Amino acid sequence: MTRPELIAPIRAALAHPGSASSDFDLNPDVRLPARRKLRPAAVLVPFLEVDGQLRVILTKRSSALKHHPGQIAFPGGKVDGDETVEAAALREADEEIGLRPENVDVFGILPSHETVTSFTVTPILGRVRAAFDPNPEAGEVAEVFSVPFDHLCDPGRFTVEGRMWQGTKRRYYTVPYGPYYIWGATARILRALAERVST
């Protein structure tokens, strides 16, 4: 079971004011349509204690997927119908990695994040109550792994890189860990949390 005291500093950090983030934060020259339509989505940021250390569970998306193949992501997806963002995040975590909703204590929500794919993503923070055996969804999730929160909560570990996107140079945050190249929306959400924790 993830001890509540390990989560306490994160709970305290959530009391600090924060603002919505965007895949365009580092690209101020990008002009977004004023009347763009954003689809609601939610991700679960699951915290799990392993050998006394707090870790964050992440997934590596299947290389066969049409969108974002092989990228590192939180379990999550679109909000269906009239379900809440919390319910969507818990449902997707159950479907994608076999993390049952009753095994998660939701303890916080980060401001939303706008993606280049026109989603407004709400990150839901949850404490995993007991150890579980991940069950990756075939065809969608290639791997389930975890990263020490000590690594992810240090703003100094984040760097800014860039690549060409739709004819222009797009800059984004990265926070690599071992063989895992964590970047884009996932890294930006983690960066927002790291900024709060380090304040």
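The values are calculated or read from the model by the stated rules, or taken from the named source; none is laboratory data. As the structure is a prediction and not an experimental result, all values here were calculated from the model. For neighbour counting, all protein chains shown are included, and Cβ atoms are generated from backbone atoms with ideal geometry for every residue, glycine included.
Quick one: would you say Arg127 is among the charged types (D, E, K, R), modelled with pLDDT of 95 or more and either at negative phi or in contact with a helix residue (DSSP H, G or I) (Cβ under 9 Å, 6 or more places away or on another chain) (or both)?
Yes; evaluated as a whole, the condition is true for this residue.
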field: Those strands (runs of 3 or more DSSP E) lying entirely in the range 99-199 with at least 3 residues farther than 17 Å from Ile10 by Cβ
entry: 119-128, 141-148, 159-165, 168-174
- line: Among (1) exposed (fewer than 12 other Cβ atoms within 10 Å of the Cβ); (2) touching a helix residue (DSSP H, G or I) at 6+ places or on another chain (Cβ under 9 Å), Asp29 falls short only on (2)
- request: Name every residue in the range 92-121 that is crowded, with 22+ Cβ neighbours inside 10 Å and charged (D, E, K, R), in order of residue number.
  value: Glu92, Glu96
Filter pass, Ala89 being crowded, with 17+ Cβ neighbours inside 10 Å and farther than 26 Å from Gly52 by Cβ: yes
Selection count, the range 137-168, where residues are in contact with an Asp or Glu (Cβ under 7 Å, 6 or more places away or on another chain) and farther than 22 Å from Ala192 by Cα: 3
- line: Going through the range 22-76 in order, the residues found to be part of a strand (DSSP E or B) and modelled with pLDDT under 90 are Ser22, Arg61
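Give Arg170, Arg188, Arg127 a once-over and let me know the one that is within 18 Å of Glu49 (Cα to Cα), of a type in the set (D, E, K, R), surrounded by 15 or more Cβ atoms within 10 Å (Cβ to Cβ) and touching a strand residue (DSSP E or B) at 6+ places or on another chain (Cβ under 8 Å). Please lay out each step first, then the result.
On the way: Arg170 fails: within 18 Å of Glu49 (Cα to Cα); Arg188 fails: within 18 Å of Glu49 (Cα to Cα).
It is Arg127.
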task: Filter the range 28-51 down to residues that are more than 15 Å from Ser112 (Cβ to Cβ) and in contact with a strand residue (DSSP E or B) (Cβ under 6 Å, 6 or more places away or on another chain), then give me how many there are.
output: 3
query: Out of the range 135-150, which residues are free of Cβ contacts under 8 Å to residues at least 60 places away in the same chain and either aromatic (Phe, Trp, Tyr) or within 24 Å of Asp51 (Cβ to Cβ) (or both)?
result: Asn135
query: Can you pull out the residues in the range 32-63 that are among the hydroxyl-bearing types (Ser, Thr, Tyr) and surrounded by fewer than 11 Cβ atoms within 10 Å (Cβ to Cβ)?
result: Ser63
task: Answer yes or no as to whether Phe145 is in contact with a Lys or Arg (Cβ under 6 Å, 6 or more places away or on another chain) and within 19 Å of Pro179 (Cα to Cα).
output: no
field: Set Thr122, Thr159, Thr174, Thr186: member being under 18 Å from Ser62 (Cα atoms) and at pLDDT 95 or above
entry: Thr186
statement: In the set Leu32, Leu48, the lone residue that is in contact with a Ser or Thr (Cβ under 9 Å, 6 or more places away or on another chain), more than 18 Å from Ala192 (Cβ to Cβ) and free of Cβ contacts under 8 Å to residues at least 24 places away in the same chain is Leu32
